[in-house]
Amino acid sequence: MTGHVLGIDVGGSSVKAGIVDVAAGRLVGELISAPTPQPSTPTALMPVLAALAARLPGARGAVGLAFPSVVKQGKARTAANVDPSWLGTDGAALLGQALRRPVLFLNDADAAGIAEVTWGAGRGTSGTIIMLTFGTGIGTALFTDGRLFPNTELGHMELGGMEAEKWASAQVRTAQKLDWPAWIERVNGYLARMHALFWPDLFILGGAVSERFAEFGPLLRSEARIEPAQFAGQAGVIGAAMAAAARQG
Ligand code: BGC
């Protein structure tokens, strides 16, 4: 994998983009962003993605597009935090037409996990790793010995009678004005449940909130090791570009 590749990460509230040196696993230049249009339909999002791409002319070849849904055979199959008109949409074909470049479309947490397992907090760890992204929802990516099991949707696992992401996401923390101990009590409950089911060796905690790991990290409890994501909110962009480069060969 070589070259400078464009990565784009669509989130519930903002879209981020950056040029990634895929051989070094890092951003070249700055991460840029734009608000996610509401409603976040494919028609409303495409001009936003194209405008971000136009501001980053330094990349060549395929583009990686990380998206908050299950992606099977190139199509979005769930739409928990994006407009339901995405269901069945071929994100690669749509953005490919707009940019006139090949596009790789993948789940956002899978993208973040690829970056962290290859270059970040999971580098050098064998066994089972679960990447968690705390944002509008909770994204998950499951790896064994570096191999991704794609499209796990463990943020929708039931916890205390409700979906885990409706109880413990970063957005819920903000909306309910939870202090760190109150939020981390919920996160610890989620980690305990995940541990009982998957017995990971490492949890990587990501999403923009992981930039504040120093404030809440000491409160986290699990039988597995817990590390903050090294790339925090940039992981999706970096991993999307890496996946696009890998597909291109
Ligand atoms: C979606 C996942 C996504 C996660 C993080 C969830 O609501 O179902 O596909 O990875 O949010 O964005």
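The values are calculated or read from the model by the stated rules, or taken from the named source; none is laboratory data. Quick caveat, the model's predicted, so the values are computed rather than measured. Backbone-built Cβ (ideal geometry, glycine too); neighbour counts: all protein chains shown.
Taking the listed residues Gly189, Gly161, the one that is outside the structural domain of Gly11 (by TED's automatic domain parsing) and at pLDDT below 95 is Gly161, with no other qualifying. Across the stretch 48-61, what is the total count of residues that are surrounded by fewer than 19 Cβ atoms within 10 Å (Cβ to Cβ) and not in a helix (DSSP H, G or I)? Selection size over the stretch 48-61: 5.
Residues in the stretch 220-235 that are within 15 Å of Arg123 (Cβ to Cβ) and either in a helix (DSSP H, G or I) or touching an Asp or Glu at 6+ places or on another chain (Cβ under 6 Å) (or both): Ala229, Ala235. If I filter the stretch 25-47 for residues that are closer than 21 Å to Asn151 by Cβ and in a strand (DSSP E or B), do I get at least one hit? No, there is no match, as no residue in the stretch 25-47 is closer than 21 Å to Asn151 by Cβ and in a strand (DSSP E or B).
Of everything in the stretch 86-115 that is aliphatic (A, V, I, L, M) and farther than 19 Å from Gly236 by Cβ, the residue that is nearest to the chain's Cα centre (by Cα) is Leu87. Residues in the stretch 164-174 that are within 14 Å of the ligand (Cβ to nearest atom) and buried (at least 17 other Cβ atoms within 10 Å of the Cβ): Ala164, Glu165, Trp167, Ala168, Ser169, Ala170, Gln171, Val172.
Selection of first residues in the stretch 149-170 that are outside any strand (DSSP E or B) and of second residues that are acidic (Asp, Glu) and within 10 Å of the ligand (Cβ to nearest atom), restricted to Cβ pairs under 8 Å at least 6 apart or on distinct chains, gives the following pairs, ordered by first then second residue: Pro150/Asp110; Asn151/Asp110; Gly155/Glu163; Gly155/Glu165; His156/Glu163; His156/Glu165; Met157/Glu163. Note on the stretch 183-224: among residues that are of a type in the set (Ser, Thr, Tyr) and without any contact (Cβ under 8 Å) to a residue 60 or more places away in the chain, the one that is farthest from Ala168 (Cα to Cα) is Ser222.
Confirm whether Val5 is in contact with a helix residue (DSSP H, G or I) (Cβ under 6 Å, 6 or more places away or on another chain) and either assigned to a helix (DSSP H, G or I) or away from the ligand (no atom under 16 Å from the Cβ) (or both). Spelling it out, Val5 is indeed in contact with a helix residue (DSSP H, G or I) (Cβ under 6 Å, 6 or more places away or on another chain) and either assigned to a helix (DSSP H, G or I) or away from the ligand (no atom under 16 Å from the Cβ) (or both). One residue stands out in the stretch 115-145 among those that are outside any strand (DSSP E or B) and in contact with a helix residue (DSSP H, G or I) (Cβ under 6 Å, 6 or more places away or on another chain): the one that is farthest from the ligand (Cβ to nearest atom), namely Gly122.
The residues of the stretch 62-97 that are touching a residue at least 40 places away in the same chain (Cβ under 8 Å) and exposed (fewer than 14 other Cβ atoms within 10 Å of the Cβ) amount to a single one, Lys72.
Of all residues in the stretch 99-114, those that are under 16 Å from Leu205 (Cβ atoms) and within 16 Å of the ligand (Cβ to nearest atom) have Cβ atoms under 8 Å from Cβ atoms of residues that are among the polar types (S, T, N, Q) and part of a strand (DSSP E or B), 6 or more apart or on another chain, in Asp108/Thr133; Ala109/Thr133; Ala109/Thr140; Ala112/Thr133.
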